[in-house]
Amino acid sequence: MAAVAPSPFHEGRTLRRARQRKHLSIAEAAEATRISERFLQALEREAPIEEFPAIVYARAFLREYATYLGLDSEKLVRAFDARHEAQEAPQLVPAPVVPPPRRWPARAAALISVGVVVTLAVMKLTTAGNTPGTRPPPQGRLPVIGRGVPTDSHQPTHPSARRIHLVIRVHAACWTEATADGKPAFTARTLQPGERVSFNAKKAAELRLGNAGGIKLVVNGKRIRTGASGQVVTLSFARRGGKVVVR
């Protein structure tokens, strides 16, 4: 008698049943994990990867949601990867190596010699210009903010603030969601390198980042460290006593 093949493991069904056993709604889970409801729903129905900002964010959301529900997050991530292994990036084919010429022409050798002399002269002038006392003072230690990252609690960002002004400069793709005083500051989307986004809030602001190391954040003129590359974090700011503090 032929052996019966084991049923495939479905991470979406496992997430949904675990949530239902705890008598939680999607809205309650989204508030607790700070992950958008549409992404939690997409995880539970094992939606196509196109419904997420990127596959790395989908993995991060899955790991966070599974941990919140008390499940084995690594087992669920392995099941997720097994379904999407066909979407892994293709291997890069190295470019053909062009062998150098056997002999350098005399003109090329002369040009290289001139280049070396000019480079040495510029280096000498640059070294002479760096006199003691002209080096800028070292920057102070910036607060580290985000879930699982050390932070200076209630660190003020400006001595006297009448509003919260946030400026985001993007140097690596980063899914970003922002609220100002409880309302969306802009449409949640994946910001691309080179983009600059700014917004204001009167009392409170919140940022959710899918790639914390992909942006530079300035709040009321002060640089705020957001987290590591690939890390999913939530940053919250509030005005208290005329100062902006990190909650």
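The values are calculated or read from the model by the stated rules, or taken from the named source; none is laboratory data. Computed from a predicted model, the values in this text were never measured in an experiment. Counting neighbours? That spans all protein chains shown, and the Cβs are built from the backbone with ideal geometry, glycine included. The area values use the complete protein model at the heavy-atom level, side chains included, leaving out ligands, DNA and RNA. Shrake-Rupley method; radii C 1.70, N 1.55, O 1.52, S 1.80 Å.
Values as computed for the structure displayed
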item	result
Residue among Ala205, Ala188, Ala161 that is modelled with pLDDT under 85, of a type outside the set (Val, Ile, Thr) and open to solvent by less than 20 Å² (accessible area, probe 1.4 Å)	Ala161
Residue check for Arg169: in contact with a strand residue (DSSP E or B) (Cβ under 8 Å, 6 or more places away or on another chain) and at pLDDT 90 or above	yes
Residues (of a type in the set (Ser, Thr, Tyr) and within 22 Å of His84 (Cβ to Cβ)) located in segment 19-52	Thr33, Ser36
Residue within segment 177-185 that is under 23 Å from Ile55 (Cα atoms), among the aliphatic types (A, V, I, L, M), open to solvent by less than 70 Å² (accessible area, probe 1.4 Å) and modelled with pLDDT of 90 or more present	yes
